[in-house]
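Here is the structure we will look at, set down as structure tokens.
Taken together, the values in this text are just the output of simple stated rules run on the coordinates, not laboratory data. A quick note: this is a predicted structure, and the numbers were derived from the prediction, not measured. So basically every Cβ, Gly included, is an ideal-geometry build from the backbone, and we count neighbours across all protein chains shown.
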Amino acid sequence: MSEQGRLIDTVTTTDVEHWIQSLAATTGPDRQADRIDLLRALERLTGAAAGLQAQITSDFAAQQRRTATDAGVARERRNRGIAAQIALARRESPHRGGIHLGLATALTSELPHTLGALRGGWITEWRATQIARETACLSIEDRAEIDRKLAADPERLEKMSDQDTVAAARQLAYEADKRVWVRRKAKAHTERRVSIRPAPDTMAYVTALLPMAEGVACHAALAAAAASATATGDQRTRGQVMADTLVARIVAASTDDTAAPATRVRVHLTVSDRTLFGGGDEAARVRGYGPIPADVARELVHTAATAGLAELRRVYTRPDAAAVVAMDRGTRLFPAALAELIRLRDPVCRTPWCDAPVRHIDHVHPAADGGPTTFENGQGLCEACNHAKQAPGWRAETLDSPNGRHRVRITTPTGHTHHSLAPPAPTPAVA
């Protein structure tokens, strides 16, 4: 058999690196028809790679659990750190790592036909996720039967759209167990939440996941406010009125939807003295959002000061390296001022690719092992990353950094290392 046609039993990292180099070096075919054929083949390759990732993820998780069991780790803690390692390997957040782990577990244990379709490149990872999601509330037996009916013929499944796949899976799930909708509704109700993420041009998306009735009622109330404003000659667009009404009613607890309310919520803005007082153009940083232009930062401070809402706190940094200056206390828990300084240095979780809000001020070297409660030994982590770090085999240590910025090396149970460098602080003016 030729080298191109050779089938291999085990794929190694070296094999994959060779394929990557080959793909990176090629320009593709010249004929239009061949380009379309290659696009299709590469899409199948993407699906097959995702299928192998799912299998590897499942095998890795199973071995991690066996190792934890042999080490005497309590049952409820055997999964700690698994999703985090998967996330680091895939350069994604721990939340996404948990999603990948859940999908891999479902595919390998309960949805073998869907896994086969994915590994054969017939469907995408998203299509497999849809099938797993729509059958999640069923018994193992019912789920396996739907998997057989829906995915045993991968070529037929390939021709179905995402919408067709979801509709078919839902219909089969309802036929298998009519109580599934009650369970799904109850589970979905527990997942209601509000989230925020940055948008371009110093805007932000605030998203609420609500039960259907409440969600429709909220939107209807905002739409009614927009219709009323338009009827009275308000020149704002419908969307602008709805957005302003949302802010006025939530933040100001007011029914006056025409005025921009004074926001009595603390907004943590980190800005250099050069930018704030000297007309500099270095970006400032808002906790929970990210960088904002200098003129926007000055406007925010001026508006808050005019309304009597501004507070000014001084944070010392090294002008040559934009590194936040250390503080030192000898207590077990981080004092409020020290924790606040760490939050200023670490605006989001320090785990690479996480970017979740900081929930815990963590000892890099654990306090239980003698780690001091200091600025250098502290870091901001989200709850999930802090729990993952406590799993057996994880190590973290601070390293010297040439520019003075806080640096942490993370070593996972498999021996892989990742580095976390604190983001640069706004540069102070040099006297």
Worksheet item: Taking a ≥ b ≥ c as the square roots of the eigenvalues of the Cα gyration tensor of segment 193-251, is the shape rounded (a/c under 1.5), prolate (a/b larger than b/c) or oblate?
Response: oblate
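Assign one of three labels to segment 14-60, namely rounded, prolate or oblate, based on the Cα gyration tensor with a ≥ b ≥ c the square roots of its eigenvalues; rounded applies when a/c is under 1.5, prolate when it is not and a/b is larger than b/c, and oblate otherwise.
It is oblate, given that a/c is not under 1.5 and a/b is not larger than b/c.
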Item to complete: Provide the per-residue ³J(HN,Hα) series for segment 195-212, in order, calculated from phi with Karplus coefficients 6.51, -1.76, 1.60 and θ = phi - 60°, each as a whole number of Hz, with x at glycine and proline positions.
Response: 9, 9, 8, x, 10, x, 6, 6, 10, 8, 9, 10, 10, 10, 9, 10, x, 3
Fill in: Sites THR230 and SER401 - FRET efficiency at Förster radius 56 Å, r taken between beta-carbons, to 0.05
0.50
Item to complete: Work out the FRET efficiency for HIS419 and TRP19 from their Cβ-Cβ distance, taking R0 = 35 Å, and round it to the nearest 0.05.
Response: 0.80
Item to complete: Normalise the Cα radius of gyration of segment 1-112 by 2.2 N^0.38 Å (N = residues in it) and let me know the number.
Response: 1.37
Discussion item. Run the numbers for GLN171 and SER139: contour at 0.36 nm per residue of separation, minus the present Cα-Cα distance, in nm.
Written reply: 10.0 nm
Worksheet item: How far apart, in nm, are the 7 Å Cα→Cβ label points at ALA48 and ASP164?
Response: 2.4
Worksheet item: Gap in Å between the Cα centre of segment 179-213 and the Cα centre of segment 373-423?
Response: 31
Discussion item. Sequence gap at least 6, Cα distance under 8 Å: using those rules, report the relative contact order of segment 142-235 to the nearest whole percent.
Written reply: 16
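Quick check on packing: order 342-349, 355-362, 192-199 by the mean number of other C-beta atoms within 10 Å, highest mean leading.
Listed from highest to lowest mean packing, they are 342-349, 355-362, 192-199.
Shape call for segment 47-140 from the C-alpha gyration tensor, a ≥ b ≥ c root eigenvalues: rounded (a/c under 1.5), prolate (a/b greater than b/c) or oblate? Provide the component values of the computation, followed by the final result.
Numbers: a/c = 1.95, a/b = 1.57, b/c = 1.24.
Verdict is prolate for segment 47-140.
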Discussion item. Roughly how far apart, in whole Å, are the Cα centres of segment 345-370 and segment 29-54?
Written reply: 40
